[in-house]
Amino acid sequence: MMNTALARVEDGIVRCEKLKEQFPELPVLGSIANQLLYLKSILVDCEADRSRLNEIIIGVQTAREIEALDMETAEVFYEISELARGLGR
């Protein structure tokens, strides 16, 4: 499960970087990138601080800003949002 989760988050990071190249004026992409890097740190290091998991809002940001730009990437971000919710339990 962790390898699959890590691969999904890494895919999200790559997709986010591509969107940042296409839409450098969108500040939400910086926020999403930071959240993805935080999730990656949790998946890589089981001792990582998980106290901010409840602050992950990738799903909300995706619904508001990303769906209209790239639905395929939006689906990946939604999967990652669900993953983050699971990690927070």
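Observations, loosely collected:
- Only residues that are among the polar types (S, T, N, Q) and buried (at least 16 other Cβ atoms within 10 Å of the Cβ) were counted in the stretch 10-50, giving 1.
- Scanning the stretch 51-60 for residues that are in a helix (DSSP H, G or I) and either without any contact (Cβ under 8 Å) to a residue 24 or more places away in the chain or surrounded by fewer than 12 Cβ atoms within 10 Å (Cβ to Cβ) (or both) returns Asn54, Glu55, Gly59, Val60.
- In the set Ala74, Ala7, Ala68, Ala63, only one residue is exposed (fewer than 13 other Cβ atoms within 10 Å of the Cβ), at pLDDT 95 or above, small (Gly, Ala, Ser) and part of a helix (DSSP H, G or I); that residue is Ala7.
- Residue list for the stretch 10-29, filter: basic (Lys, Arg) and over 20 Å from Ser81 (Cα atoms): none
- Number of the condition not met by Glu47 [criteria: (1) touching a helix residue (DSSP H, G or I) at 6+ places or on another chain (Cβ under 9 Å); (2) of a type in the set (D, E, K, R); (3) under 20 Å from Thr4 (Cα atoms)]: (1)
- Residue count for the stretch 10-50 under the criterion of being more than 23 Å from Ala63 (Cβ to Cβ), in contact (Cβ under 8 Å) with a residue 24 or more places away in the chain and assigned to a loop (DSSP other than H, G, I, E, B): the result is 1.
The values are calculated or read from the model by the stated rules, or taken from the named source; none is laboratory data. Because the structure is predicted, anything quoted here is derived from the model rather than measured. For neighbour counting, all protein chains shown are included, and Cβ atoms are generated from backbone atoms with ideal geometry for every residue, glycine included.
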